[in-house]
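The values are calculated or read from the model by the stated rules, or taken from the named source; none is laboratory data. As the structure is a computational prediction, the values presented were derived from the model and not from experiment. SASA here: full protein model, heavy atoms, side chains in, ligands and nucleic acids out. Shrake-Rupley method; radii C 1.70, N 1.55, O 1.52, S 1.80 Å.
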Amino acid sequence: VFGLGEATFASSCVADARYLTPIPEGMGFDEAATIPLVYLTAWYALCDLGHIESGEAILVHAAAGGVGMAAVQLAQHLGAEVYGTASEPKWETLRALGLDDAHIASSRDLGFQQKFSTHRDGKPIDVVLNALAREFVDASLELLGSGGRFLEMGKTDIRSAQWLAENKPEIAYHAFDLLDVDPERMQAMLLEITSLLGRGEMKLLPHQSFPMARLSHVFRFMAQAKHIGKLVVVPTES
């Protein structure tokens, strides 16, 4: 099986069965480990909170990260027009996901606001999936029109209800934590995600696997934010 459970890099853990589902035939453990957190986050954000529909436009920040790559694929599957930001060395990853240069901008400066607004002739974005903070949040909020949905999966810059009422009362703002989702809904999402991956309608994320013995190296590598997709820790062979 694969799914979510609480363990600190242990060899086993006890998990609620509703957070688990069987690994599809032909899929390895390493591949399965890349799925749950990123695809569940993307699915819950876009479908349950964002209610994104075919023909709408979504901005995915950090689109070359794990959740970002999952969200881009899911949004495309749902028929949305996708804009994405990433550091420039990762733009080729976004192109491989089907985004052209008009739909790609840097996540390191605020140029995305003007670029995407110009490309859309001032027409607002419908949904923003955010992983940035401070002035990047402000710029992203400016891209949303009345009825827009801002999906905040970060923890460092959550806007208060009072701030939103005073500054952006016309948008729906959702700061969320995946672990707050009802277990029955988690099970349903896992089954839907597994079905889409099994039919090839979405693809597994690229990943790099490391033995448990190199755990400190993995954290240092992750902190550099230069990798694409997911990092997977596997048991150290005896």
Hydrophobic long helices for the chain, i.e. whole DSSP H runs reaching 15 angstrom or more by Cα along the axis with Kyte-Doolittle mean at least 0.5, come out as 66-77
On the accessible surface of segment 169-209, probed at 1.4 Å, how many percent belong to carbon and sulfur atoms? 52
Take the alpha carbon gyration tensor of segment 37-80, find the square roots of its eigenvalues, order them as a ≥ b ≥ c, and report rounded if a/c is under 1.5; if not, report prolate when a/b exceeds b/c, else oblate. oblate
Under 20 Å Cα to Cα from LYS168, which lysines show up? Leave out anything in the same chain fewer than 8 places away. LYS123, LYS155
Specify the inter-centroid distance of segment 188-238 and segment 38-99, based on alpha-carbon positions, in whole Å. 18
A 1.4 Å probe over the protein heavy atoms gives segment 1-116 a carbon and sulfur accessible-area percentage of 52
Fraction in percent of alpha-carbon pairs per bin - 10 Å, the chain: 7, 31, 36, 20, 5, 0
Please compute the per residue accessible area over segment 110-238 with all protein chains in place, 1.4 Å probe, rounded to a whole number of Å². 55
